[in-house]
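One structure is given below, encoded as structure tokens.
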Amino acid sequence: MLKFILRRLGISFLVLWAASLLMYVLTINAGDPLADLRESNAENRDQLMALRVDQMGLDLPWYERYWDWLTGVAGCFTGSCDLGTTVNGANVLDLTAQSASSTLRLVTAATLLAIVVGIAAGIISAIRQYSGFDYSVTFLAFLFFSLPVFWAAVLLKEYGAIRFNDWIASGDMEPPMILGIALVVGVVIAAVVGGTWRRKIYTGAGTFAFVAVVLWVLNILDWYRNPFFGTAMVLLSSLGAAVLVTAIIAGLGNRRVLYAALTTAVVGTISYFVFAGPLLEPSSWWVLIGLFVLAVLVSVGIGAAWGGYARKQAMLISAITGVLTSLTIVFDILVGHWAGFLELKSRPISTIGSETPNFTGDFWESVLDSGMQLILPTIVLTLISVASYSRYTRSSMLEVMNQDYVRTARSKGLSERAVITKHAFRNALIPITTIVAFDFAGLIGGAVITESVFGWKGMGAMFREGLDRVDPDPVMAFFLVTGTAAILMNMLADIAYAYLDPRIRR
Amino acid sequence: MKIRRASAAVAAVATGALLLSACSSPASENEPESEETMAEETEGSAEPTDSCKVDTGVTETADGNISYSAGEVQWAGYNGNLPDTYSTYNSVINDRMFSGFMYFGTDGTICQDEEFGSFEAVSEDPLQVQYTISDDAVWSDGTPITYADYLLDWATQAVTTDGTISEDASETPLFNSVSGLTLGDYVPEGPQADSADAKTFQYDYERVYADWQLMVTSAFPAHVVADQAGVSLEELVTAIEELDMSVLEPAAEFWNTGWLSSTPGELPDPSIVPVSGQYTLKEDGWVAGQSLTLTANEEFWGTPPATKELTYRFAAADTHVQALQNGDLDVIEPQATVDTIPQLEQIGSSVTTLTGQTLIWEHLDYNFANGVFADNLAAREAFAYCVPRQKIVDDLIAPIDEGAVVMNAREVFPYQTEKYDEVTAESYDGRYDEVDLEMATEKFAEAGLEEGTEIRIGYSAPNPRRADEVAAIKSSCDQVGFNIVDAGNADFFAAGGALETGDWEIALFAWAGSGQIASGQNIYATDRPQNFGGYSNETVDEAWNTLASSVDESVHLEQTKIIEKELWDTLYGIPLFAHPGVVAHTSSLENVRFTAAQDGIVWNAEQWARAS
């Protein structure tokens, strides 16, 4: 395995180097770096031009310029990185670090969300092949896939930001709005659950009534402006999550696993009280990360203690429950800070930027501020990726479901849940892994338009500005990051293959 | 920051291809849009008639924040006079941090900033200008603004790397100033004063310079430079007077690099960036890629800024309209396209839109070097008679700015009403106002042109508005016998492009007026660098020489009339229109005033106030 990885790394390095050479030559020939000065009518135009030529080394042959750049990059291995400067004199290394972190913040949530939603939608539509739900997912997948980002972003800003902000000013849901939302949720749930028409109608009507009542009650309580969640709800939600996770992965019949998950949920809620101090006013992100790691470790421990014969599974499910409980707790804290946040920022969702300039809130209010700014671009990016994930998962799942061993599994009397999660799903994941890995690498460099329309300064902006001004340094820095990401992700996919498919290991 | 000789380059440096391409491409939204006649003022508040800043009655700074965005490009540094940093994006921020002797009014008039100081020509020939800085004027760290700052300002535009004063502005400058060495060329002796801390100093010009008023505006803090070079302020002054390179070299090193902010988000040490304007950098106010906030300068001696904080957000131009609607931005200068106006109107009364004409003007130029128009006045006239100027303005410009008119001059703009009327009355009789196909056909025959003579109209493509203009010309002029060809090309202005090789009959582009008086000499006089068509006319050359060597405004006006008349009679080219500009702001803001000058709408940002 190690030899395999090293060989892959070596080859990747050569590919990266050759590609960088090509990229450099293409970039410096992409236009006229003096174009703006050529059209200037300043008296000292020639001097300004000479200065720019000297600064950018325009009078040198391409291989010398490339060599200068390459030696600067090679310095990274000896601790003196030099990725050059932009035409405006900004340090490209710093710029890249900032852009990369901003892009990562933007795409991480979108990628995770897209994977979860896309794969779930794909599996369900495969299981319910040729149902109304399947057709709807297919239709939406093609719609999203062909969505022009620019147009979608403008629409989202109109409805997700401007109109939402107008609405939250009063926070009052009109009856048509309540009924509309309830109707949509009812129809979707009914379609997902499936079954006979009768069953669909019952689930649909039940969901509709439930959602409508909840929304109505929340409206009366002015919940949208002054929301609360409460520890009781945290406990209930985590217990619900524990049951759901167990039901899907292990089956409720497996009592040891179920008890492990339920214990995790309870312990998680209790620890909310224990760590209330650092949780409500954390000194930094590290405190939260530390607590999160601790939560996962404790969950795994609980799983191991309860596990018995199903130890491995109990540990996994406890860990998932632990993560979900942590998220619920964070949700509770955020809900508690919403009213204060609204006071600081009466229009919570801005159409541009990754945060509000000169925002003065405390830690969680700042989290809310940057979190709200993530919502719209994340939706755009997610929609696009979800489309392809759901399609790939669906076809790969369908293929697996028709294999002989799945029929064998069914005929030996396994429950449908066990057949799908244990036998079919894992094999269906193999081709998806490749796509996810490539997609993530692509998203880092490919969020160019999304970044620009939502006013995030990320890798895309750096690339575009560099190319516009025929300025090779930022373009090459972009290339280095995205190229390396592509290679690394590709390798991760290969390793994940080996994990998912034992045949490859041999 | 400074509005001076190189100012014409601002538009170019900042907007790339912009200067010569129209403003329909996304890259071009940041042209210094401007205007003086408010075509639309929904609030109905009386627009000040004075083109300079007027007293708004502000006596103290109100808490609050106003957001504005010029575009995506981040702040580059405190020294905005380096070739690297000199751009519209940087100027909109830096101009707020420095005050100086002059600024441009809403119609491009030169206004004196009386709170800062005053200047006057004590003698016109030889030209001697006396400057007086207000006694109260201090840097934000308490150091008085004095002669020393202006001596350094002069040195940055005069001293060469060899430790001499520039002879003809062609040497390598010691200080990397975007303005080059012109000032040293004209004033080799530098400003003279009694002492380093004098508030009055005098510039003695070696030869008369028509644009003398733009030469000296604001300055950088000499005491900071002295400190960084390891000497006292007096020692720096002496070093400049004696051209002591052992002091000037480290000083130049700091001036060239010490004020660059090469890592976005990291503000410079407050002690090296004192300001002389109403605003200063706010502590922790710069978030990389997001925004930069200025806060009121508490040491400012004059009228305080109306609102405490001014935030510049770095967002792409096409996001501005929605951001304004959502309250993320308070003032925007969107692209002046036909689509923008209805978009803004749709928002309703929460947003006020101002439109008007800018200092950028579009024109058709003939090729005198080769082709059918060279040496053939009748052919040029035939073309001029068939160009539908009124139709172009009505169809393409009036939907953006109702007040748009056909432009009939080159050196004055329609909104500079008085001067414009006086110049056009003498130079142009209105014969090309309307399309006259009969006259055109007559002239066509007189010129001895053949039916179907190919006329290539070159411009920098892609540019939808210019493509539309060419189409309008084609539909009219083809009837006369011309065969108009749309020769728009991305490389039209590039090295080796059509303009350089001469493969064009008509060039369609825009010049950005700079507020300078004599800059047109480079365009219309024989063998000048911007005289692309190779036009040559003795009367014009002579008039330009007279104009450029005088500081008398009546002489300027008289010579402008001669030049304009000759350019019309011999048909250098055909002016079309001044580009329209659009500004929109939250209706709760007061004192937002449209300007034709290239400073952009932020020119009076310190007067913007939120209605309480």
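Conditions (1) open to solvent by 30 Å² or more (accessible area, probe 1.4 Å); (2) modelled with pLDDT of 90 or more; (3) of a type in the set (Gly, Ala, Ser), marked per residue:
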position	(1), (2), (3)
B:Arg389	no, yes, no
B:Glu422	yes, yes, no
B:Ala425	yes, yes, yes
B:Tyr432	no, yes, no
B:Met439	yes, yes, no
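Reported count of residues in the stretch A:340-356, each being more than 9 Å from chain B (Cβ to nearest Cβ), among the aliphatic types (A, V, I, L, M) and touching a residue at least 60 places away in the same chain (Cβ under 8 Å), is 1.
Within the stretch A:414-469, the set of residues being over 30 Å from A:Thr351 (Cβ atoms) and more than 23 Å from the chain's Cα centre (by Cα) comprises A:Leu414, A:Ser415, A:Glu416, A:Arg417, A:Ala418, A:Val419, A:Ile420, A:Thr421, A:Lys422, A:His423, A:Ala424, A:Asn427. No other residue among A:Val400, A:Val406, A:Val436 is open to solvent by less than 10 Å² (accessible area, probe 1.4 Å) and either assigned to a helix (DSSP H, G or I) or without any contact (Cβ under 8 Å) to a residue 24 or more places away in the chain (or both) apart from A:Val406. So for the stretch A:384-398 (the condition being β-branched (Val, Ile, Thr) and in contact with a Leu (Cβ under 7 Å, 6 or more places away or on another chain)), does at least one residue qualify? Yes. Restricting the search to helices (runs of 4 or more DSSP H) fully inside the stretch B:432-547 and requiring at least 3 residues that are over 29 Å from the mean Cα position of the chain (by Cα) gives B:437-446, B:464-477. Filtering the stretch A:125-139 to residues that are among the hydrophobic types (A, V, I, L, M, F, W, C) and out of contact with any Ser or Thr (no Cβ under 9 Å at 6 or more places or on another chain) leaves A:Ile127, A:Phe139. Of all residues in the stretch A:68-92, those that are of a type in the set (A, V, I, L, M, F, W, C) and farther than 21 Å from A:Pro33 by Cα total 5.
In the set (1) within 14 Å of chain B (Cβ to nearest Cβ); (2) over 25 Å from A:Leu14 (Cα atoms); (3) part of a helix (DSSP H, G or I), the condition left unmet by A:Lys422 is number (1).
Screening B:Glu553 on (1) open to solvent by less than 40 Å² (accessible area, probe 1.4 Å); (2) under 23 Å from the mean Cα position of the chain (by Cα) shows it passes everything except condition (1).
Identify the single condition in (1) at pLDDT 85 or above; (2) open to solvent by 40 Å² or more (accessible area, probe 1.4 Å); (3) assigned to a helix (DSSP H, G or I) that A:Asp46 does not satisfy, given that it satisfies every other one. Status for A:Asp46: all satisfied but (1). Considering every residue within the stretch B:568-576, establish whether at least one is surrounded by fewer than 22 Cβ atoms within 10 Å (Cβ to Cβ) and without any contact (Cβ under 8 Å) to a residue 40 or more places away in the chain. Checked against the condition, which is being surrounded by fewer than 22 Cβ atoms within 10 Å (Cβ to Cβ) and without any contact (Cβ under 8 Å) to a residue 40 or more places away in the chain, the stretch B:568-576 yields at least one hit. Examine the stretch B:267-283 for a residue that is within 13 Å of chain A (Cβ to nearest Cβ) and within 30 Å of A:Leu156 (Cβ to Cβ), and state whether such a residue exists. For the stretch B:267-283, residues within 13 Å of chain A (Cβ to nearest Cβ) and within 30 Å of A:Leu156 (Cβ to Cβ): absent. All of (1) under 18 Å from B:His579 (Cα atoms); (2) part of a strand (DSSP E or B) hold for B:Gln390 with one exception: (2).
Screening the stretch A:93-181 for helices (runs of 4 or more DSSP H) wholly inside it with 1 or more residues that are within 14 Å of another protein chain (Cβ to nearest Cβ) and among the charged types (D, E, K, R) returns the ranges A:164-168. Entry remark, the stretch B:175-205: residues being over 25 Å from A:Arg45 (Cβ atoms), open to solvent by less than 30 Å² (accessible area, probe 1.4 Å) and assigned to a loop (DSSP other than H, G, I, E, B) number 3 in total.
Hey, any hits in the stretch A:64-80 for a residue that's of a type outside the set (Gly, Ala, Ser) and within 14 Å of chain B (Cβ to nearest Cβ)? Within the stretch A:64-80 (the criterion being of a type outside the set (Gly, Ala, Ser) and within 14 Å of chain B (Cβ to nearest Cβ)), the answer is no, since none of the residues qualifies. Within the stretch B:77-98, if we keep just the residues that are open to solvent by 10 Å² or more (accessible area, probe 1.4 Å) and either within 14 Å of another protein chain (Cβ to nearest Cβ) or out of contact with any helix residue (DSSP H, G or I) (no Cβ under 9 Å at 6 or more places or on another chain) (or both), the residue that is nearest to B:Phe220 (Cα to Cα) turns out to be B:Phe98. Tally up the residues in the stretch B:289-308 that are at the interface with chain A (Cβ under 8 Å from one of its Cβ atoms) and at pLDDT below 95, please. Counting residues in the stretch B:289-308 that are at the interface with chain A (Cβ under 8 Å from one of its Cβ atoms) and at pLDDT below 95 gives 3. Exactly one residue out of A:Gly171, A:Gly160, A:Gly204, A:Gly122 is at positive phi and either open to solvent by less than 80 Å² (accessible area, probe 1.4 Å) or under 22 Å from the mean Cα position of the chain (by Cα) (or both): that is A:Gly171. Looking only at the stretch B:99-110, decide whether some residue is open to solvent by 20 Å² or more (accessible area, probe 1.4 Å), closer than 18 Å to B:Cys52 by Cβ and in a loop (DSSP other than H, G, I, E, B). Looking for residues that are open to solvent by 20 Å² or more (accessible area, probe 1.4 Å), closer than 18 Å to B:Cys52 by Cβ and in a loop (DSSP other than H, G, I, E, B), one finds at least one in the stretch B:99-110, hence yes.
For A:Pro176, state whether it is closer than 30 Å to A:Glu451 by Cα and without any contact (Cβ under 8 Å) to a residue 24 or more places away in the chain. No; evaluated as a whole, the condition is false for this residue.
Name the single residue, out of those in the stretch A:61-86 being open to solvent by 70 Å² or more (accessible area, probe 1.4 Å) and charged (D, E, K, R), that is nearest to B:Thr263 (Cα to Cα). Within the stretch A:61-86, the match that is nearest to B:Thr263 (Cα to Cα) is A:Asp82.
If you filter the stretch A:350-368 down to residues that are buried (at least 22 other Cβ atoms within 10 Å of the Cβ) and touching a Gly at 6+ places or on another chain (Cβ under 7 Å), you find that the one that is nearest to A:Val287 (Cα to Cα) is A:Gly353.
Considering the conditions (1) modelled with pLDDT under 90; (2) buried (at least 24 other Cβ atoms within 10 Å of the Cβ), B:Glu167 is excluded by exactly one of them, (2).
The single condition from (1) among the aliphatic types (A, V, I, L, M); (2) in a loop (DSSP other than H, G, I, E, B); (3) open to solvent by less than 10 Å² (accessible area, probe 1.4 Å) that B:Val208 fails is (3).
In the stretch A:446-462, of all residues being part of a loop (DSSP other than H, G, I, E, B) and within 13 Å of A:Ala97 (Cα to Cα), the one that is farthest from the other protein chains (Cβ to nearest Cβ) corresponds to A:Gly458. When you check A:Leu106 against the structure, is it surrounded by fewer than 17 Cβ atoms within 10 Å (Cβ to Cβ) and within 18 Å of A:Leu383 (Cβ to Cβ), yes or no? No, not satisfied. Scanning the stretch A:49-92 for residues that are in a helix (DSSP H, G or I), more than 22 Å from B:Leu174 (Cα to Cα) and among the polar types (S, T, N, Q) gives A:Thr71, A:Thr78.
The values are calculated or read from the model by the stated rules, or taken from the named source; none is laboratory data. Here the structure is a predicted model, which means the values were calculated and not measured. Neighbour counts run over all protein chains shown; Cβ positions are idealised from the backbone, glycine included. Just the protein is used for accessible areas: all its heavy atoms, side chains included, with ligands, DNA and RNA removed. Shrake-Rupley method; radii C 1.70, N 1.55, O 1.52, S 1.80 Å.
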